[in-house]
1. Take each of the peptides 82-94, 6-18, average the number of other beta-carbon atoms within 10 Å over its residues, and list them starting from the highest.
2. So which GluC sites (Glu not before Pro) in region 80-120 end up in coil per DSSP with only 12 or fewer other C-beta atoms within 10 Å?
3. If R₀ is 35 angstrom, what is the calculated FRET efficiency for the pair Q114 and D38, using the beta carbon separation as r and rounding to 0.05?
4. Stretched out fully, how many nm does the piece from D11 to R23 gain, at 0.36 nm a residue minus the Cα gap?
5. Just one of (1) 37, 31, 26; (2) 48, 34, 22; (3) 64, 31, 21 is Cα extents along the principal axes in Å as worked out from the coordinates here. Which one is it?
6. Please report the antiparallel percentage of the DSSP beta bridges confined to region 6-118, to the nearest 5.
7. Among 113-120, 28-35, how do they line up from the highest to the lowest mean number of other beta-carbon atoms within 10 Å?
8. If each of R3 and E107 carries a label point 7 Å out from its Cα toward its Cβ, how far apart are those two points in nm?
Amino acid sequence: MSRPRFLADHDPDEHIVTGVRRRAAGVEFRRVRDVGLDGRTDPEVLAYAAEQRLLVVSHDVNTMPAHAHAHRRLAAGLPVTGLLMVRQTAPVADVIDSLVLVWSSSEAEEWHGQIVFLPL
């Protein structure tokens with residue numbers, strides 16, 4: 001079992017990434033642009049996350065869940081290591097609290113195949 005690690009999808013709210021890192025110094029929170037995936041498609045981001053065992057944090061509520069959901073990756077038997085969706089209107093502090101809670105009180109494996117909206 002391992003602690004959750006995160007990958008911020010395209011256009012993450014920098015306050016969320018920064019806030020989580022400040023609240024939980026040991027958290028690993030990568031951004032797609034930092035790992036050379038800027039401009040890549042949702043399926044490519046999900047594939048990278050699965051390979052690296054990262055939970056994806058995304059604001060892309062219109063397309064990202066569809067690419068991860070049963071009729072795409074899950075139906076094809078491809079792994080989804082966890083997709084944490086954040087609506088643009090969600091309170092940043094509540095999203096930070098939720099991500100810190102996920103990191104501090106769960107195992108990464110618990111999120112496999114899950115698509116969850118934050119805040120919890």
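1. Working: 82-94: 16.5, 6-18: 18.9.
The peptides rank, most packed first, as 6-18, 82-94.
2. E107
3. Taking R0 as 35 Å, the efficiency between Q114 and D38 is 0.85.
4. On the way: separation 12, 0.36 × 12 = 4.32 nm, distance 2.11 nm.
This chain segment gains 2.2 nm when fully extended.
5. The value matching this structure is (1).
6. Details: 0 of 13 bridges.
For region 6-118, the DSSP antiparallel bridge percentage is about 0.
7. Working: 113-120: 15.0, 28-35: 16.6.
Going from most to least packed, we get 28-35, 113-120.
8. In this crude spin-label approximation the distance works out to 1.6 nm.
FYI, it's all coordinate maths here, none of it is from the lab. Quick caveat: nothing in here was measured; it's all calculated off a predicted structure. All Cβ positions, glycine included, derive from the backbone under ideal geometry; neighbour counts span all protein chains shown.
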